[in-house]
Amino acid sequence: MIRIVESFYVKSAVEPGDYPASAYAEFAFAGRSNVGKSSLINVLTNKHLLAKISRTPGKTRTLNFFLIRWKNDDMQEQGFMQFTDFPGYGFAEIGLAEQEKWRIMIDKYLKMRQQLKGILVLVDIRHPADPKDKTMLEMLRLRNIDHCVIATKADKIPKTKVKATALQLAKQLNLGDKPLIATSSEKNVGIEDVLAWIESRLT
Ligand SMILES: Nc1nc2c(ncn2[C@@H]2O[C@H](COP(=O)(O)OP(=O)(O)O)[C@@H](O)[C@H]2O)c(=O)[nH]1
Ligand SMILES: [Mg+2]
């Protein structure tokens, strides 16, 4: 199993010409504002830098790129990958023009980013499937991009209900054979499963 040993904020960008030029395998994180994206990235990287970055005003409507150094102790391997933090969607106060800008930015990224290995779409396990998440997943299916869904905040529902709720969400979101992983960043649940999903797509 890989572990993340270092992570660095690289840059923020909107246009493909401004993306980092490095060709490392890349994974992107998408989801509604407040779903727990920064918290998950922090737990994955054991770091609290990334959340601060994404809270910086002005960086909230851009793609934020991070360089990640990983190690696999069993295999004595190490390497780099990149994480991209998408701006959170679903703020009610964001107008249609702003939403359209978001959609164009994301679609360009999905179309242009050649080293993109997969997208992790975060949803809150407490809420029924959201139209905005369905739209995101539809964009991924249209472009044939590998993805999984992370059901966050699993500690907020009774343990006995996690499995059934996850299954229900997967069905509502039409996931087919794509995995849904229930996580808690607070209680460190499901984090290894997320890393395993990433690891299996690294090369
Ligand atoms: N109980 C619980 N709270 C969480 C979890 N993940 C995030 N949160 C809380 O949800 C809020 C939003 O989290 P954040 O990571 O900033 O969401 P983002 O907007 O998607 O980046 C914060 O108050 C977090 O502490 C979790 O796994 N369990
Ligand atoms: Mg955030």
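The values are calculated or read from the model by the stated rules, or taken from the named source; none is laboratory data. Given the structure is predicted, the values throughout are model-derived calculations rather than measurements. Virtual Cβ from ideal backbone geometry, glycine too; neighbours counted across all protein chains shown.
Brief remarks on what is shown
- Failed criterion for TRP197 (all others in (1) at pLDDT 95 or above; (2) within 16 Å of ligand 1 (Cβ to nearest atom) hold): (2)
- Within region 138-164, being among the hydroxyl-bearing types (Ser, Thr, Tyr) and part of a loop (DSSP other than H, G, I, E, B) holds for no residue.
- One residue stands out in region 3-31 among those that are part of a strand (DSSP E or B) and under 17 Å from LYS101 (Cβ atoms): the one that is farthest from ligand 2 (Cβ to nearest atom), namely ALA13.
- Apart from one condition, LYS161 fits all of (1) touching a residue at least 12 places away in the same chain (Cβ under 8 Å); (2) among the basic types (Lys, Arg); (3) within 13 Å of ARG126 (Cα to Cα); the exception is (1).
- All conditions but one from (1) of a type outside the set (Ser, Thr, Tyr); (2) surrounded by fewer than 20 Cβ atoms within 10 Å (Cβ to Cβ); (3) within 13 Å of the chain's Cα centre (by Cα) apply to ASP177; the one that does not is (3).
- Filtered residue count, region 95-130, keeping only those that are within 14 Å of ligand 1 (Cβ to nearest atom), surrounded by 15 or more Cβ atoms within 10 Å (Cβ to Cβ) and free of Cβ contacts under 8 Å to residues at least 60 places away in the same chain: 1
- For region 90-121, the set of residues classified as in contact with a helix residue (DSSP H, G or I) (Cβ under 9 Å, 6 or more places away or on another chain), modelled with pLDDT under 85 and not β-branched (Val, Ile, Thr) consists of GLY90, PHE91, listed by residue number.
- Where ARG126 falls short, out of the listed (1) under 21 Å from GLU199 (Cα atoms); (2) modelled with pLDDT of 95 or more; (3) touching a helix residue (DSSP H, G or I) at 6+ places or on another chain (Cβ under 6 Å): (1)
- VAL121 being more than 30 Å from PHE80 (Cβ to Cβ) and either away from ligand 2 (no atom under 16 Å from the Cβ) or touching a strand residue (DSSP E or B) at 6+ places or on another chain (Cβ under 6 Å) (or both): no
- Conditions (1) of a type in the set (D, E, K, R); (2) within 13 Å of the chain's Cα centre (by Cα); (3) more than 28 Å from ALA23 (Cα to Cα): number failed by LYS153: (2)
- Scanning region 79-137 for residues that are of a type in the set (Ser, Thr, Tyr), in contact with a Ser or Thr (Cβ under 9 Å, 6 or more places away or on another chain) and assigned to a helix (DSSP H, G or I) yields one hit, TYR109.
- Within region 130-156, tally of residues that are within 16 Å of ligand 2 (Cβ to nearest atom), out of contact with any Leu (no Cβ under 8 Å at 6 or more places or on another chain) and of a type in the set (A, V, I, L, M, F, W, C): 1
- Region 61-79 residues that are closer than 21 Å to ILE106 by Cβ, paired with ones that are acidic (Asp, Glu) (beta carbon under 6 Å, 6 or more apart): ASN64/ASP85
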